[in-house]
Amino acid sequence: MTPLPRSEFAITQRYVYLNHAAAGVLPLSTTVAIDAFVRRHAEAGVLGTYPYDAALPEYRQKIGRYIGADGGEIALVPNTSSAANIVALGIDWRPGDEVILGDNEFPANAVPWIALRERGITVRLISIDRGRLTPDALRRELSPRTRIVALSWVSYADGYRHDLAALAEVAHRANALLCVDAMQGLGAFPVDVRATGVDALYAGGAKWMLGLHGVGFLCVRRQLGERLRLTMPGWRSLQDMWDFHNYEQPYSTDTMRFEGGTPNLIGALSLMSSIALFERSGPAAIAQHILELTDRFCDGLHRMGAEVRSVRGEGVSSGIVTFRIPRHDSIAVGRALEKEGIITTYRSGGVRVSPHGYNTPAEIDGALEMLKQLIRAPIRA
């Protein structure tokens, strides 16, 4: 038995899909919900779509509960970068302020912060050793000018999972804020923003959250959200968005004011469906299963002499394992696996595997067996 029912995932009929760090897959329950939305839109227009619009406050509450926040701290956004930009452009920057950013971030959580240089903000890229920003490493880098520390909860390249609570404590002692891209962790691992002390957390929904592309969310701690400047207001930013001609009314004090216009209703619905599935299955059980699968995979890689490039250990392992086989071209290895229906991400630096809560030990063993065959019959680019 897997914590996420395999019957929910049509992809299992065709592939061994070990690539959720690249793009997740839609569960059957989500495709049913999406199909119902589309049919109602087609058959009834606004009569079909308005109930979903009216449910948005409930959607924000459900997202909030899933991550230990309040629905008033949640905004629906198109993607990770849009969420990071809301925070980056909304801070009351002062001359001499700086942002600390790791040099191994995915561009979605790097470009919005680096763009602040055009506004006179110092953005300092720090060298990260194999994806690790430990509390001690952060403590050495902080300065009296540091306002923001931005990082990914889980590194996209090698899967290192950062200790958010410890990093938030270090940042706060220096009067800095911790802003976290959770896209490579959320859906695989539970998080409690209250317990960790994270100031802003954001994620797109199309990877481990198993949602559609083009939707995500931003969570901003209320004390910070109340201070953030609204740089791209829209009609839904207003306190009473249905009072159409009252243009001078104040903005809403909730984080949803950053949505501006009408959110991606069908995308938000996909997130709700995924969260419901995760909650039925148990987020802790999903996380444990993913760790067991990736531990199993790493053990097999070590036995065959492969180089595991991911840092593994208590509290730092994640759903991502990156490896390479000595004297074998990683792109050729990835393509050979794909030819056999085993889907991974492969680049010149290694092959990345990322199973989810519906994958099985047998699938992991099958991937390992295929790698053994590749070693016995060498392939090269």
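Please give the calculated 222 nm ellipticity per residue for the chain, where each DSSP H segment of at least 4 residues contributes -39500 (n - 2.57) and the sum is spread over every residue; nearest 500 deg cm²/dmol? Mind showing how you got there, number by number?
On the way: 13 runs with 142 residues, N = 381.
It lands at -11500 deg cm²/dmol.
Packing here is the average count of other Cβ atoms within 10 Å per residue, and on that basis the peptides 149-159, 179-189, highest first, run 179-189, 149-159. May I ask you to list the lysines whose Cα is less than 16 Å away from that of K372, ignoring any residue fewer than eight positions away on the same chain? Here the lysines satisfying the reach criterion relative to K372 are K339. Each other residue within a Cβ distance under 14 Å of L56 adds +1 if Lys or Arg and -1 if Asp or Glu, for a net charge of 0.
Separation of the stretch 210-262 and the stretch 352-367, taken as the distance between their Cα centroids, equals 40 angstrom.
For the stretch 4-116, what class follows from the C-alpha gyration tensor (a ≥ b ≥ c being the square roots of its eigenvalues): rounded when a/c is under 1.5, otherwise prolate if a/b is larger than b/c, else oblate? Oblate, since a/c reaches 1.5 and b/c is not below a/b. Using C-alpha pairs below 8 Å separated by at least 6 residues, the relative contact order for the chain is 22 percent. The solvent-accessible area of R139, taken with every protein chain present and a 1.4 Å probe, is close to 120 Å².
If you take the beta carbon distance between I126 and R335 as r and set R0 to 22 Å, what does 1/(1 + (r/R0)^6) give as a FRET efficiency, to the nearest 0.05?
On the way: r = 35 Å, r/R0 = 1.58.
Between I126 and R335 the formula returns 0.05.
Shape call for the chain from the C-alpha gyration tensor, a ≥ b ≥ c root eigenvalues: rounded (a/c under 1.5), prolate (a/b greater than b/c) or oblate?
Numbers: a/c = 2.20, a/b = 1.29, b/c = 1.71.
Cα axes put the chain in the oblate bin.
For the pair Q13 and S348, what calculated FRET efficiency results from E = 1/(1 + (r/R0)^6), where r is the Cβ-Cβ distance and R0 = 25 Å, to the nearest 0.05?
The pair S348/Q13 has a calculated efficiency of 0.20.
The modelled label-to-label distance for the pair M1/Y50, using points 7 Å beyond Cα in the direction of Cβ, is 4.4 nm.
Ligands, DNA and RNA excluded, the heavy atoms of V316 present near 30 Å² of accessible surface to a 1.4 Å solvent probe. Mean-square fluctuations from a GNM of the chain, with a 10 angstrom spring cutoff on Cα atoms, peak among G197, G341, G72 at G341. Mean sequence separation of contacting Cα pairs (under 8 Å, at least six apart), scaled by the length of the stretch 87-219, corresponds to a relative contact order of 20 percent. Taking a point 7 Å out from the Cα of D163 in the direction of its Cβ, the residues of the stretch 119-148 whose backbone N falls within less than 12 Å of it are 133-139. Excluding same-chain neighbours fewer than eight residues apart, the lysines reachable from K207 by a Cα-Cα span under 21 Å are K62. Taking every alpha-carbon pair under 8 Å whose residues sit at least 6 apart, the stretch 204-277 reaches a relative contact order of 38 percent.
Taking the Kirkwood radius as the inverse of the mean 1/r across Cα pairs, report the Rg/Rh of the stretch 255-327. The partial results should precede the final answer.
Working: Rg = 18.5 Å, Rh = 15.4 Å.
Ratio value, two decimals: 1.20.
Rolling a 1.4 Å probe over the protein heavy atoms leaves Y17 with an accessible area of roughly 30 Å².
Quick one: work out the % antiparallel among DSSP beta bridges in the chain, nearest 5. Walk me through the numbers before you get to the answer.
Working: 20 of 41 bridges.
Restricted to the chain, the bridges split so that about 50 percent are antiparallel.
Largest GNM mean-square fluctuation across E340, E226, E73, computed for the chain with C-alpha springs under 10 Å, falls on E340.
Helix by helix through the chain, keep the DSSP H runs that span 18 Å or more along the axis on Cα and average at least 0.5 on Kyte-Doolittle, and give those back in order.
Numbers: long enough: 28-44 (24 Å, 0.31); 265-281 (24 Å, 1.23); 283-303 (30 Å, -0.05); 361-376 (23 Å, 0.09).
Span-like helices here: 265-281.
Approximating the spin labels as points 7 Å out from Cα along Cα→Cβ, the E369-to-E118 distance works out to 5.4 nm.
The values are calculated or read from the model by the stated rules, or taken from the named source; none is laboratory data. This structure is a prediction, so every number in the text was calculated from the model and none was measured. For neighbour counting, all protein chains shown are included, and Cβ atoms are generated from backbone atoms with ideal geometry for every residue, glycine included. Areas reflect the complete protein model, heavy atoms only, side chains present, ligands, DNA and RNA absent. Shrake-Rupley method; radii C 1.70, N 1.55, O 1.52, S 1.80 Å.
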